[in-house]
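Chemist: Next up is a structure, given as structure tokens.
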Amino acid sequence: MTRTTLLRFLLGLFLLALTACGGKALGSETAGRSIQTEYGYNVRVIPAGERRTGPSFGGGTLDGARLSSASYRGSVVVVNFWASDCGPCRKEEPILESVWKKYQGRAVVFVGIDTDRSNVNGKAFVKEFGVTYPSIFDPYFEIAYKFHVSFLPATYVLDPQGRIAAIIFGAAAHEKQLVGLLDKELA
């Protein structure tokens, strides 16, 4: 286990323990409570009247382009935070790619946020899994910090107004979970 992996693991354990003890992780008033939703225990769906605008983000992608969240207004945006050495990230990637392919051509955008320390690892991950949506390189967790990401993976669904509509804590369990969230926002 690399030092970075160990630090991420320990930070995740600490934040999980804090949340279990009633801490206010991610600014959530439901922190510390497991809430079963139709999407699973690891999903928080935010009612339209309680949504807050997601942070603006942007940066260089792994393939050298530049992206900005401002260009995605009017679309449902799926923002997935990952790292190449994260086991759950590796497990969920085929699910994300499959759902992305189903929604191409619709008002849905997927953006990965690669938190690896080296973009070489991120590029290898993208190649290995055949990821076709862009990933922004975020080695210093600047974007992750704006979203209050506690551990990886984490997936945020932003509504067409750029507000946080749902958060998947940990890996997406199955396609149905993400498809349900997207269909709800597109309705």
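Chemist: Order these by the 10 Å Cβ neighbour count, fewest first: 82, 100.
Modeler: 100, 82
Chemist: What does the C-alpha gyration tensor say about the overall shape of segment 38-186? Classify as rounded when a/c is under 1.5, otherwise prolate if a/b is larger than b/c, or oblate.
Modeler: Judged from the Cα gyration tensor, segment 38-186 comes out rounded (a/c under 1.5).
Chemist: Please give every one of the lysines within straight-line cross-link reach of residue 127, meaning a C-alpha to C-alpha distance under 27 Å, and leave out same-chain neighbours fewer than 8 residues apart.
Modeler: 91, 101, 102, 176
Chemist: Moving on to the next point. Name all residues of segment 69-100 having a backbone nitrogen under 13 Å from the label point set 7 Å from the Cα of residue 186 along its Cα→Cβ direction, giving them as ranges.
Modeler: So the set is 75-78, 99-100.
Chemist: Which distance in nm do the two modelled labels at residue 163 and residue 106 give, with both placed 7 Å along the Cα-to-Cβ direction?
Modeler: Output for this residue pair reads 2.1 nm.
Chemist: Shifting gears a bit: Apply the a/c threshold of 1.5 to the C-alpha gyration tensor of segment 129-187 and tell me whether it is rounded, prolate or oblate.
Modeler: Since a/c reaches 1.5 and a/b is larger than b/c, the shape of segment 129-187 is classed as prolate.
Chemist: Next up: How big is the dipole moment of segment 38-186 about its Cα centre under a simple scheme where the beta carbon of each Lys and Arg is +1, that of each Asp and Glu is -1, and everything else is neutral? Debye, nearest 20, please.
Modeler: 260
Where a number appears in this text, it was derived from the coordinates with a stated rule and is not lab data. Quick caveat, the model's predicted, so the values are computed rather than measured. With ideal geometry, Cβ positions are generated from the backbone for all residues, glycine too; neighbour counts draw on all protein chains shown.
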